[in-house]
Amino acid sequence: DKIVLQSNSLLLSNKLDRLCTSVIRPAAIYGEQEQRHFPRIVKLMDLGLFFFRIGNAIVDWVYIDNLVIGYNNLIEKMFENDDCDNNPNGQAYFISDGTPISNFEFFRPLCIARGISYPNLIIQTRIMLYFAYMNELM
């Protein structure tokens, strides 16, 4: 992100035009063809390893179609003016569905749909961080 935003307004090789940049920072993405979160969670469920929750992290997910609309809107606004120093150029934008939810609560409907019990056991984040640290040392 930093390099992209620092590149805003750079003079291009023709010495006439400038590069206008912006950044979209999506939250966790879900939707059709998503391959990062859901396949991993489904696999854990199938292996019987989705039986505890870690802390109570809040995540602001974004549906893929909403992310595409955000990109399209940003591109349209970027081409409305030739000035790289005006919004939205040179800016970073966070995009989400605007409904923060517990990361594990987000998966409750998936548990129901797959006939799997929603995990009631909650392990504190600091305890899991300790286990993760120890695992990295091995």
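The values are calculated or read from the model by the stated rules, or taken from the named source; none is laboratory data. Because the structure is predicted, anything quoted here is derived from the model rather than measured. A quick note on method: Cβ atoms are made from the backbone with ideal geometry, for glycine too, and the neighbour counts reach across all protein chains shown. Quick note on the areas: whole protein, heavy atoms, side chains included, nothing else; ligands and nucleic acids left out. Shrake-Rupley method; radii C 1.70, N 1.55, O 1.52, S 1.80 Å.
Spit out the partnerless Cys residues in the chain, using Cβ distances under 4.7 Å as the pairing rule.
By the Cβ distance rule, which asks for a partner under 4.7 Å, the isolated cysteines are Cys111.
Given the -39500 (n - 2.57) contribution per DSSP H run of 4+ residues, what per-residue ellipticity at 222 nm results for the chain, rounded to the nearest 500 deg cm²/dmol?
Per the formula, -10500 deg cm²/dmol.
For labels at Asp60 and His37 in the simple 7 Å Cα→Cβ model, what's the distance in nm?
Rounded to a tenth, the inter-label distance reads 1.3 nm.
For Cα pairs less than 8 Å apart in space and 6+ apart in sequence, what is the mean separation divided by the residue count of the chain, i.e. the relative contact order in percent?
32 percent
Can you give the Rg and Dmax of the chain based on its C-alpha atoms, in angstrom?
20.6, 62
Work out the FRET efficiency for Asp17 and Phe94 from their Cβ-Cβ distance, taking R0 = 30 Å, and round it to the nearest 0.05.
Result of the calculation: an efficiency of 0.55.
Got a number for carbon plus sulfur as a percent of the chain's accessible area, 1.4 Å probe?
Percent of accessible area from carbon and sulfur atoms in the chain: 58.
Need one value: the accessible area of Tyr93 in square angstrom, 1.4 angstrom probe, rounded to the nearest 10.
Number for this one is 80 Å².
What FRET efficiency, computed as 1/(1 + (r/R0)^6) with R0 = 41 Å and r the Cβ-Cβ distance, is obtained for Arg114 and Ile75, rounded to the nearest 0.05?
The computed FRET efficiency comes out at 0.65.
Distance between Cα centroids, region 34-91 to region 111-128: provide it in whole Å.
Value for the Cα centre distance between the two parts: 23 Å.
Angle between the Cα long axis of helix 125-137 and the longest principal axis of the chain, 0 to 90 degrees, nearest 10?
Taking Cα atoms only, the helix is inclined about 80 degrees.
If one takes the longest principal axis of the Cα atoms in the chain, at what angle in degrees, from 0 to 90 and to the nearest 10, does the Cα axis of helix 64-78 lie?
So the helix axis and the longest Cα principal axis differ by about 20 degrees.
Which loop-located GluC sites (Glu not before Pro) does region 43-138 contain, where loop means any DSSP state but H, G, I, E or B and the Cβ has at most 13 other Cβ atoms within 10 Å?
Glu80
What is region 80-135 by shape, rounded, prolate or oblate, if you read a ≥ b ≥ c off the alpha carbon gyration tensor as root eigenvalues and call it rounded for a/c under 1.5, prolate for a/b larger than b/c, and oblate otherwise?
It is oblate, given that a/c is not under 1.5 and a/b is not larger than b/c.
At 1.4 Å probe radius, can you tell me the per residue accessible area of the chain in Å²?
71 Å²
Which length gain, in nm to one decimal place, applies between Phe51 and Arg25 when the Cα-Cα distance is subtracted from 0.36 nm times their residue separation?
Between Phe51 and Arg25, full extension yields 6.3 nm more.
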